[in-house]
1. Could you tell me the center-to-center distance, by alpha carbons, between the stretch B:188-242 and the stretch A:191-221 in angstrom?
2. Can you give the mean number of other chain Cβ atoms that lie within 10 Å of the Cβ atoms in peptide A:59-68?
3. Describe numerically, in nm with one decimal, the distance between label points set 7 Å from Cα along Cα→Cβ at A:THR193 and at B:VAL361.
4. With unit charges on the beta carbons (Lys and Arg positive, Asp and Glu negative) and the dipole taken about the Cα centre of chain A, which residue among A:THR18, A:THR65, A:VAL169 sits farthest to the positive side?
5. In the stretch A:70-131, which trypsin sites (Lys or Arg not before Pro) fall in coil by DSSP and have 14 or fewer other Cβ atoms within 10 Å?
6. Under unit Cβ charges (Lys, Arg +1; Asp, Glu -1), what dipole magnitude, rounded to 20 debye, does the protein assembly as shown have relative to its Cα centre?
7. Work out the length of the dipole vector of the stretch B:1-88 about its Cα centre, built from +1 on the beta-carbon of each Lys and Arg and -1 on the beta-carbon of each Asp and Glu, and round it to the nearest 20 debye.
8. Residues of the stretch B:22-46 with the amide nitrogen closer than 18 Å to a label point 7 Å from the Cα of B:ASN251, along Cα-to-Cβ, please.
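Read-outs throughout are calculated quantities, based only on the coordinates presented, and are distinct from any laboratory measurement. Model, not experiment: these values are computed from the prediction. Don't worry about glycine lacking a Cβ; one is built from the backbone with ideal geometry, like all the others, and counts go over all protein chains shown.
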Amino acid sequence: MSSDVRGEAQSQARSGDTRLRALDLHKTYELGKENLVHALRGASLEVAAGEMLAIMGPSGSGKSTIMHIMGCLDNPDRGEIWLGGRRVDNLKSRELNRLRSKEVGFIFQGFNLIPTYTALENVALAGEYAGMSRRRAKAVAAEALAGIGLGKRLRHHPSELSGGQQQRVAIARALVNEPGVVLGDEPTGDLDTATSHEIMGMMREINQSTGTTFVLVTHNPEVAAACDRKVCMLDGVVKRDVP
Amino acid sequence: MRTFRNVFRRKLRAFLTIFGITIGVFALVVMGSLAEKITLLVNGGTRFYSDKVTVSQSHEGGGFSVSPMSVSLIPKLEAMDGVQVASATISVLFDKQQGASFGVPDLINASDLRGQSLESFKVSYAQGRPLKPDDAGKAVVGSDMVRKLNAQIGSTIKVRGRDFQVVGILDKTLTIPDNSVEIPFKDAQSILYNDLPDLVKSRLDSTRLATGATVYPKPGVDPNRLAQQINDRFPGYQAVGPQKFQEQVTNSTRIFTTIVFGVALISLLVGGLSVINTMTMSVYERTREVGIRKSLGASNARIIRQFLGESAFIGGVGGVTGLALGWLFTLAANRAGESSGTEVFLLTSRLAIGSVLFAIVLGVISGLYPSWHAARLNPVKALRYE
Ligand SMILES: Nc1ncnc2c1ncn2[C@@H]1O[C@H](COP(=O)(O)OP(=O)(O)OP(=O)(O)O)[C@@H](O)[C@H]1O
Ligand SMILES: [Mg+2]
């Protein structure tokens with residue numbers, strides 16, 4: 001890998017320790033024999049601890065792909081991922097499971113709650129996968145939901161909650177194991193302006209009070225403006241800091 | 001609880017799948033109860049025939065067809081070396097025109113009682129007393145016949161149109177004596193004689209009639225060897241020792257048992273296929289859920305365990321309901337048959353536990369492939385799945 005790529009990534013870090021670092025990521029999807037889709041072609045990104053970063057960019061530019069790879073859900077074809085000073089792109093699946101449950105929290109556009117589970121069970125599930133007993137996971141989950149204003153909705157199923165409430169459940173689920181990084185792929189994409197504003201404010205507050213690092217993919221300039229910094233992706237590379 | 005909700009999110013499908021297993025287990029329980037009853041009868045019979053040799057006129061087939069023979073065989077048998085006592089016996093169908101029946105048909109039994117003291121198969125009397133050699137017109141009633149004949153000590157019962165006074169009622173033995181009535185030898189000879197065609201009657205003396213002999217070996221003499229010697233010495237007669245008896249019955253019951261269990265297992269396998277189908281559909285529909293779980297850090301083992309738990313649950317619920325239905329069925333059928341003394345089903349605890357366990361194992365096996373498939377899903381693809 002060329003040294004100027006490293007340099008560029010380095011320069012993106014603003015201050016403090018680097019929480020998350022992607023170096024020269026490549027990812028190609030094969031859609032049939034001759035049809036290759038280069039989703040990432042040398043994307044590099046550095047996120048400082050406690051930072052809230054927005055990733056913008058046109059549809060198909062590779063935003064979701066880089067999020068999945070940084071969250072250890074997918075492997076890059078080439079390149080490195082560093083999570084809190086540790087290289088994680090070459091780990092065994094058992095260790096990757098541990099990282100997914102403890103070190104990274106995901107928030108998705110479509111909320112991605114399990115429809116048959118109550119709000120409490122959805123959040124508790126993350127605790128269980130991180131190794132808590134069911135009872136302890138429930139206690140922690142109840143606390144997390146109360147903290148996010150859903151203390152009265154514990155036994156509701158996702159279908160009985162508004163979009164904003166569902167996304168709050170998802171936020172509680174992402175945070176229940178106190179991960180260092182929360183990755184949000186268009187977390188406000190399915191919400192109206194007012195709710196979007198409310199959710200964004202909530203994440204910002206958590207970011208500031210707990211120091212949790214946030215990386216948010218968004219098409220919404222208002223959301224991006226509320227972040228510490230924003231970068232833009234284009235054709236599988238992270239282009240630049242957008243002022 | 002969560003397993004329950006996951007299974008029942010498609011209520012009709014879950015119900016139908018469970019119902020498939022239920023039918024299979026029901027069949028297994030009912031058929032198995034039949035087989036268990038037969039096994040019990042056979043074991044009882046084996047005990048009944050444990051240390052003696054029974055001799056009868058040889059005939060094709062086997063079973064309980066009756067062909068009369070002469071008591072003149074008795075002294076000839078007793079003249080043999082290893083024989084302590086030979087006792088003449090009569091065994092005829094209780095109803096002259098009895099149709100096909102399950103297991104042992106109802107019988108009229110009689111013996112000249114010469115071997116009574118040597119008999120190792122002790123029967124106990126719920127009420128009354130055994131027959132004595134000088135009894136006439138008296139009867140001892142087997143436990144399954146009590147209700148059918150409405151018998152009480154001292155009451156009169158009809159046997160082949162004749163009146164007999166009940167002097168004894170037997171405890172349950174779980175084998176032949178249960179559905180038989182024992183009457184004095186002379187009375188039985190007369191019934192046997194009346195059954196014969198007129199042509200034959202004229203040539204026979206009713207007081208010399210029997211249908212078989214029970215031979216009690218001297219102490220230390222092997223009844224199986226003795227049976228062989230009798231067969232060699234008296235062609236035209238068939239002597240059956242304990243071993244031969246065992247072979248005969250186990251052979252015929254083995255075939256029956258195999259068929260019975262085969263039928264039940266096939267219906268269970270069909271149930272298993274429907275579990276495979278349901279679980280495959282369920283995994284397919286919940287692809288996105290699998291992606292979510294993986295994004296939360298669920299290991300492959302955990303995903304497999306979850307889906308296996310669901311298929312085991314389907315098997316278990318199907319198994320328990322099948323067992324419950326089968327139990328009710330055998331209970332009802334036995335009650336219905338009680339009056340005629342034919343309790344056909346025996347639901348043993350090993351059969352009950354075995355059927356439910358089998359259903360659970362079947363559920364787990366049926367869930368293996370779908371669960372493994374779910375665990376192997378690529379998390380990102382699963383999350384993108386609509
Ligand atoms: N599983 C896949 N198989 C084939 N191609 C894929 C796959 N996943 C993504 N791609 C392609 O990779 C490219 C980048 O996709 P990605 O989802 O990262 O884009 P994005 O920036 O998130 O877009 P959007 O803003 O619409 O969400 C796209 O061209 C997409 O079609
Ligand atoms: Mg996307």
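1. 100 Å
2. Per residue, the average neighbour count from other chains is 1.
3. Here the answer is 6.6 nm between the modelled labels.
4. My answer, from the dipole projection, is A:VAL169.
5. Answer in residue order: A:LYS92.
6. Its charge dipole is roughly 580 debye.
7. Result for the stretch B:1-88 is approximately 1400 debye, rounded to the nearest 20.
8. Correct set: B:42-43, B:46.
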